[in-house]
Every structure is written in C-alpha cells, then in structure tokens.
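Here is the structure we will look at, set down as structure tokens.
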Amino acid sequence: MYNFINRDKIEDIKHHTTLLLLAILIGAISGIGAYFVKLLIRYAKIIFWGKPILFLHVLETHPWWQVLLIPAIGGLIVGPIIYFGAREAKGHGVPEVMEAVFLKGGRIRPIVAFVKAIASSITIASGGPVGREGPIVQIGSGLASTIGQLFKLKEKDLKTLVGAGAAAGIAAAFNAPIAGALFSAEIILGNFAISSFAPIIVSSVIGNMVLIAIEGSEKVFKVPVYTMNSPWEIAIYFALGIIAGAVGVIFIKFLYFSEEKWNGLKISEPVKPLIGGLIIGLVALKFPHILGTGYETIDLALQENIFIIMALILIFVKIFVTSTSLSSGSSGGIFAPSLFMGAQTGYFVGKLSSILFPSLHLSVGAYALVGMGGVVAGAIQAPLTAIIIIFELTGDYKVILPLMITCIIASLISEVFNEYSIYTLKLKLKGIVLREGVEVNVLKKFKVKDVISTDFIKVERDTSITKLMEIAINGKHNVYNVINEKGEYLGIITLDHLKVIMGEKDSFEDLILAIDVVDLFEPIKEDDNLETAMNMFGKYDIDEIPVVRYSKIIGVVRRKDIIETYNKEINKREATSTLLAKLRFSKDKEIVELSPGYYIKEVEAPAWTWGESLKNLQLRNRFGIDIILVRKKNPPQTIPLPGGEQIIDKGDTIIIAGKNEYLEKFENKNGKL
C-alpha cells in the first residue's frame, strides 16, 4: 500500500496556516490599537484645550499663555512616563522596531506598546508637532511580538509577525493596506519573500478593515482631483523631486544634529521634554500651524488655501519643531511631519510654477499631493512605499507617473547626500548598520585573517591544462591559484573555466599552460575587513578569494566561512541585547548576579582607560573580565560586544562581566596603563 501523505508537506501547511491565523489576530488587534490611539488623542485634546479643536484656531480661542504652556505641560507629563516606563518609547519608534527585528529576534517588551500609546497621545494632543503613524507602528509591532512570544514561535516567525503588526498599523493609520504591507516589507523586514509577505498582507488588510468597521472609510486628507494639463509638467515634477529630496536631507541632518545637542545637555532626562515643549509653544505663538499632526494645514495646501510665502516658511519651521520635540525626549512619529513638509514643498513649487508659467494652467493642489510623497521618499529612502501610500490616498491611477518621477528622484537625491535614511541613521549612531535588510556592521569588526583558510591549491604557471584537469577531477576545490617560480601570486583558474575547454582536451594535450588561461583576479589582503570580502563575493561568482601577503598567497577566504562568522556574531549580539534588556541598573551601579559567582556591572570608564583600545587594555588577561557593551557619550551610541579596535573615551560608560573579585580589582586600579 502506497503512502500518499507527505508528512513534511502537512507540517509545512500547518505552520503557514498558524502564521496566517495569528496574522489575522494581530491585524484585528492592531486595528483596534490604532483606533484606541486616535481616541486617546481626541480625549486628551479635550483635557488640554477644552475640545478636539483645529489647532489653527488656537490663538482665537485661547490666551497666549496657554498656547505657550500647554505643550510644555504635555512634555512634563510625558518625560517621566517614558523614562520610568519604557525608554524605547522615546522618539519616533520605527528604528526601535527595526532594531528588535534584526538584533533581538523580534522580541519587544510588552510594556512598550502601552507606554508608547500613552506618551504619544499626550505629546500630540498637547501640541507636539509629531505624527501618530510611527507610534501606531510600534504599538502594532509590540502587540504582535507579545503574541508571538506567548505562542513561543521561532525567531524567524516572530520577526514576520512583528512586521505584520507594523503593516497593520500603517494600514489603519492611513486607510492604505497596500502601503502598509510594502512599508513593512521594504523598511521593517527588508524582505519580500512570500513566506513573510503573505502574513504581512493579511494582517495589513485585516487591520484596515477593522478600523473601517469601527469609524468608517473616510479619507485622512481632503485629496484634490488629480489633473495634468501639459506634458511640460513632467519637467516641473522632476524639479519637485530634487527639491523634495533636498528637504528630506535637511530634515534628516537637522533631526540628528538636534538630537546630538539635546543629548549633550546636562539636564535630567525626564525634564527635557518640558523644555522642548516650551520652545514649541514659543514658536506656536507665531505659527500655530505646526501644532499637532498638522493634518489641517496639509489640507490647506491640498485645497490651495495658503499663502506661498507661508508655505515656504512652514517647511523649515516644521523641521525645527519636530526635531526639537523628538530630540528633547517626547514620543511621536516622523511620517506626518514628512507629509506636512511635502505638502508645503509641493504647494510652493506648484504655486511658483503657476506664476512663472500661467499658460500651463497648473493644478497647484496636485503638486502639494505629489510633494507629500516626495519628501516621505527623501526622508525614509523607500520610494515604493511613498508612491503607493499617496496612490491609495487618491485612488487615481493618473497620479502614478508624476509620483514615480518625484519620489524616485527625491530618494536618489537623499541617498547621494545621506548614506542612511531617517530610520537607519538612528541605528547607525547606536553602532548598528543595516543595508538591504542585513546588519552588516558586524562584518567590519572582523578581519580576513580571522577566517583565513590554508586549505587551498597552488599550481605553477607552467602546469599543463591536462595536469590541471587531473587535479580538478581528483580534488575537491573549485579555484586554483597560479604562482610563478618565486611563489608569487599571478591569478586564478576556476573549475567553470576549465569546463569550457575540457571538451577539447585531446586536441591540445600539453600545449596550453596554466599561465595561458589565468584570470588576473585581484586578491584580498589579510587586514581587509570581511565586508570588503563579502562585497567581492557579491561582485564575482566565485567560492573563494586568494589572500596575499607581500605578493605571495598565504591562504584563501571562503564565502561560507564569512556567513558562518556573521551568523555566530548576530546570535551573540541577540543574546547580549536580550540580556541587557532584562537588566535594570540603578544610579548607584548595582551589581546583578547572572549565575552563581558571575556578575555584570555598569561603570564609568576610569581615567586610565581613556584613549586606549580594548586590544591594548587586555582586560581579560589582566583582570579576568569581559566588556560586553560600551555606551559612547559623543556622539551618543551603544556598541554591543565591542571589538578589539574600540577606543574608550572620557565620559564613556562600560558594562563589564566577571567574578565579583575581578570586577573590584578592575575598579580599584589606579594610575596609568
């Protein structure tokens, strides 16, 4: 009797079905969470301002001192909530989700979603010039992570569910399920594989449907009907892409410049949002348009009801106040501010063009609409997400062409002047470098000499092809390194190269030598880092790269060895990050016992370590301790599992691990190295 049941296939179906069912649950919960955030903002506005007002009418209904103080009061409340509740809730949220996905296996503390919801709602309702989309993403992701951990999912599946929660959040925030799915795949996961993408799409659609069921399908903005009256407008949209990209660049640079300055202030962290709120209140006395999400002002630009000079000024004012709010420690997203800047940028370009070229009869509101996508693309460097989100807001296919032109140009301009997006730059400052969904910074930490192999084949230049074929047939290698009589490296011959001429073996016998068919392949040096080697593997279809010292080959580096090293390091980082997330250090630097006799402690780097590398300090050999994390003061960043080349500077904080007596020995050392 034949067994027609493929048990592996059945298990695979069960696995995907489970993920899809959980994605449905996460989509529904995220949709409810998005509505909960909107409700919190609405009622918090009533508490702060007396009614869910349009902020443009604030000056008409409230005395100046309330406009000045209410954002500060919001900051005063938010500061302690974040500091003592969940510090991951500070800022715009998306980078923290990305960090959780790539370094923590998708694990997000359950309390983060709750604190983020409360803190963001208070910030926005009190006039904080930030968006609700980033918080909704972090809330959806946090809830998804909690559910995944409850079901004890594998790390890969947990990451997928975190992405599903983020997708549902964006879909619910903008009534844009396709954009939500693309945002998650393009930015959060960096992965369009069907096994990951299917749950993301399901969750995004469900999140959107749940919110529509609760509050209806009303569009977020009053979007104008798109029209293009002349083919010459393509040139104007091209120019808009350049300008929108420049605005995105300025936003990125100023936000992190501002964050560096705020981090350098010697002020208690819970108090900083209060000061930031006062600054915002001062600005709002002159420009009330910047308070809150700014959706009302976006609608003014879309409906062509704003002065051209005011639109230009508001671009830079919004950059300043949004950076101030987030850098001082409040909670909110950068998506809505980017849309705000984009609407004003597009309106300005469209209005100016209509004045310069009146015969074109331009629809200025259409330029405001496309400009929204342009600045978003410039800020997050994800043009596909920007294009689709604006398309879903309009539902008009005709807008796709100008959107593609503007968003792609804006993204390219941003990438020229900024290697990192507004999301990935925050991670870069913490020592985490993401590129195309992969944390590549770990590869820079290791040198080629760390993974070099001496198992390779050398053949002399005068070796005949017949002899080389015999070596290939009887051996296991795919690359043969050719050397001269002095042992100096000349190039390589690959097995694929040999296969091309193998059919004609009998016709040339020993007439062709290795030197006649050698590929002058540039070798790598032992002190190059593994990222350099990996880039070479990406460029050339080859299994191993020769390593040369003083013109002589000393070994090879193989792709599989680099991947193995990468995976080990990522696992170590995830384990360390998970450990550190569980530890709470008090101001008196309490020791935490990890296991019997083994402790972990946070200390300020002593003066005798300043300016020295960890390699030079030799802390393991001299004191029997390990450095598992370095917190840099200037610029602020966190470096888990630092390498030997890491320099310790004045003001750095280090986390050390070892036996208690060894830790005391390290702390009690005085004098120079």
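The values are calculated or read from the model by the stated rules, or taken from the named source; none is laboratory data. These numbers were taken from a predicted model, which means no experiment stands behind them. Using ideal geometry, Cβ is built from the backbone for each residue, glycine included, and neighbour counts are taken over all protein chains shown.
Miscellaneous remarks
- Any hit, region 205-221, residues being among the β-branched types (Val, Ile, Thr), touching a residue at least 60 places away in the same chain (Cβ under 8 Å) and either assigned to a loop (DSSP other than H, G, I, E, B) or on the phi > 0 side of the Ramachandran plot (or both): yes
- Taking strands (runs of 3 or more DSSP E) as the structural unit, those lying wholly within region 605-673 and holding at least 1 residues that are among the hydroxyl-bearing types (Ser, Thr, Tyr) correspond to 637-640, 653-658.
- Of the residues ILE515, ILE542, ILE524, the single one that is at pLDDT 70 or above, within 15 Å of SER453 (Cα to Cα) and among the β-branched types (Val, Ile, Thr) is ILE524.
- So SER577, is it in contact with a helix residue (DSSP H, G or I) (Cβ under 6 Å, 6 or more places away or on another chain) and either surrounded by fewer than 17 Cβ atoms within 10 Å (Cβ to Cβ) or modelled with pLDDT under 65 (or both): yes
- Condition broken by ILE108, with the remaining ones in (1) buried (at least 22 other Cβ atoms within 10 Å of the Cβ); (2) hydrophobic (A, V, I, L, M, F, W, C); (3) assigned to a helix (DSSP H, G or I) satisfied: (3)
- Scope region 328-355; condition assigned to a loop (DSSP other than H, G, I, E, B) and farther than 22 Å from HIS92 by Cα; matching residues: none
- Region 266-298: number of residues that are of a type in the set (Ser, Thr, Tyr) and assigned to a helix (DSSP H, G or I): 2
- Residue count for region 316-345 under the criterion of being farther than 24 Å from LYS116 by Cβ and either surrounded by 24 or more Cβ atoms within 10 Å (Cβ to Cβ) or not assigned by TED's automatic domain parsing to the domain that holds VAL247 (or both): the result is 4.
- Any hit, region 298-306, residues being under 24 Å from the mean Cα position of the chain (by Cα) and closer than 25 Å to SER126 by Cβ: no
- Pairs, first closer than 14 Å to THR345 by Cβ in region 233-244, second among the aromatic types (Phe, Trp, Tyr) and not in a helix (DSSP H, G or I), C-beta under 9 Å, six or more apart: ILE236/PHE357
- Within region 207-223, tally of residues that are at pLDDT 80 or above and in contact with a helix residue (DSSP H, G or I) (Cβ under 6 Å, 6 or more places away or on another chain): 5
- Single residue of region 449-477 satisfying the filter (among the β-branched types (Val, Ile, Thr) and in contact with a Gly (Cβ under 9 Å, 6 or more places away or on another chain)) that is surrounded by the most Cβ atoms within 10 Å (Cβ to Cβ): ILE457
- Qualifying residue in region 199-206 (condition: modelled with pLDDT of 85 or more and small (Gly, Ala, Ser)): yes
- Verdict on TYR237 being assigned by TED's automatic domain parsing to the domain that holds ILE405 and within 23 Å of ILE400 (Cβ to Cβ): yes
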